[in-house]
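In what follows, a structure is listed as structure tokens, so that the remarks can point back to it.
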């Protein structure tokens, strides 16, 4: 049976450091502020926003939600992001994705102020990460690395397969694994015979938004599996990993819920505190 890589102890460690930052900011009269912008948010996005709001409040970080209707057009969304960029009380901005309809995420993220881009979505942030000089990076991708580090899973020289090429999980996770000197393969929906790659991997990271899509027969014995998916099913939250079959083969597995999610939230709120420090350091 696989060892479970629980996110709570990792998150508690991160949150303790964030509280120290927030207390230091409060001594200067600064309360970190995060704006969460969504357009016709889906259930998974709403779950994440609720967790952010609840956890942020407990850590002294003000979380403001801007929930725009599904019919919001690109001009209206850009206007909202520009207003937040000019708001001195907001230190971090995240845009929930995927966006509905014809909204072009590639153009819209340009309007997230770089200094407030705590989720690493702006092209500049993406470029810094690709160049091996990450500033703020997508929190879920960074949570993958934090879990592996905390539980002392070797990455250097290991073969890691990342399933999914999204800009919030797959691609940034691959860049971060490369920075840890792993040998990285990216697989996606057009990959023929994903099992050919996952069965040779020491580490498998999956974040595709398809419940229980990775099964035990797809991995090699002793692999470490990080489930970065979240799916709302009639039975409750489920990851992208079929936990029952994977647990019988893997050496370690991050569960859903209880794995990456808590770490993701802790990292994002840490980034808000860091952004507030940078934006107010001359006060």
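Readers should treat all values here as calculations from the given coordinates under stated rules, not as data from a laboratory. Bear in mind that the values here come from a model prediction, so they are computed numbers and not experimental data.
For this structure, a couple of remarks:
- Against the main long axis of the alpha-carbon atoms of the chain, helix 139-150 sits at an angle near 60°.
- For segment 114-250, the share of DSSP beta bridges that are antiparallel, to the nearest 5, is 20%.
- Against the chain, whose longest principal axis is taken from its Cα atoms, helix 74-85 shows a tilt of about 70°.
- From the alpha carbon centroid of segment 1-32 to that of segment 148-177 is 22 Å.
- Net length available on complete extension from residue 88 to residue 189 is 32.2 nm, with 0.36 nm assigned per residue and the Cα-Cα distance removed.
- Three-way shape label, segment 176-229, alpha-carbon gyration tensor, a/c 1.5: rounded
- Between segment 240-282 and segment 47-86, the Cα center-to-center distance that results, in Å: 20
- Degrees separating the helix 170-179 axis from the principal Cα axis of the chain, which is the longest one: 80
- DSSP beta bridge pairing in segment 176-283, given as percent antiparallel to the nearest 5: 25
- For the chain, the mean residue ellipticity at 222 nm estimated from helices alone is -12000 deg cm²/dmol, where every DSSP H run of n ≥ 4 contributes -39500 (n - 2.57) and the total is divided by all residues, rounded to the nearest 500.
- Looking at the chain alone, DSSP beta bridges between its own residues are antiparallel in about 10 percent of cases.
- For the chain, built as a Gaussian network whose Cα springs stay under 10 Å, the top-fluctuating residue of 103, 176, 268: 103
- Of 230, 66, 90, the one that fluctuates the most in a GNM where the chain has Cα springs shorter than 10 Å: 66
- Three-way shape call for segment 139-260 based on the alpha-carbon gyration tensor, with the a/c threshold at 1.5: rounded
- Listed residues 160, 41, 266, most fluctuating in the chain (Gaussian network, C-alpha, under 10 Å): 41
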